[in-house]
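These notes concern the structure reproduced below.
The values are calculated or read from the model by the stated rules, or taken from the named source; none is laboratory data. These numbers come from a predicted model, not from an experiment. FYI the Cβ positions are ideal-geometry reconstructions off the backbone, even for glycines, and counts take in every protein chain you see. SASA here: full protein model, heavy atoms, side chains in, ligands and nucleic acids out. Shrake-Rupley method; radii C 1.70, N 1.55, O 1.52, S 1.80 Å.
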Amino acid sequence: MNGIGERISQIIEKNHIKQVEFAKRIGVDPSYVSHLTSGKRLPSDRTISDICREFGVSEVWLRIGEGEMYLPKSRSEQLVSFFSDILKRDDDDFIRSFC
């Protein structure tokens, strides 16, 4: 069974974060996320909306598992993401090479 709880788990895994960080980013209690991923609870429409907004996930994919997981990014969003990833690196020499 590949339900919404499993798709939420996939989002957490693909973003390399823990359930606590996921919960913080969408403004819910970590125990609620645990209930969602285990299938004990279903997310509200607002929670689904918050997940999609925060993680760039397709609502159709999240709700029913059809289509692509992520929404396509604009060129500007791709550049922001790229440079954000560079700035998160711990390699000062690498960053200096761009300055």
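Restricting segment 1-12 to residues that are open to solvent by 50 Å² or more (accessible area, probe 1.4 Å) and part of a loop (DSSP other than H, G, I, E, B) leaves a set whose member that is farthest from Leu71 (Cα to Cα) is Met1.
Residues of segment 1-36 that are over 19 Å from Arg53 (Cβ atoms) and more than 10 Å from the chain's Cα centre (by Cα): Met1, Asn2, Gly3, Gly5, Glu6, Lys18, Val20, Pro30, Ser31, Ser34, His35. Per the listing Gly65, Gly27, Gly39, the residue uniquely on the phi > 0 side of the Ramachandran plot, open to solvent by 30 Å² or more (accessible area, probe 1.4 Å) and in contact (Cβ under 8 Å) with a residue 60 or more places away in the chain is Gly65. Of the helices (runs of 4 or more DSSP H) lying entirely inside segment 13-90, those containing at least 1 residues that are basic (Lys, Arg) are 19-26, 45-55, 59-64, 75-88.
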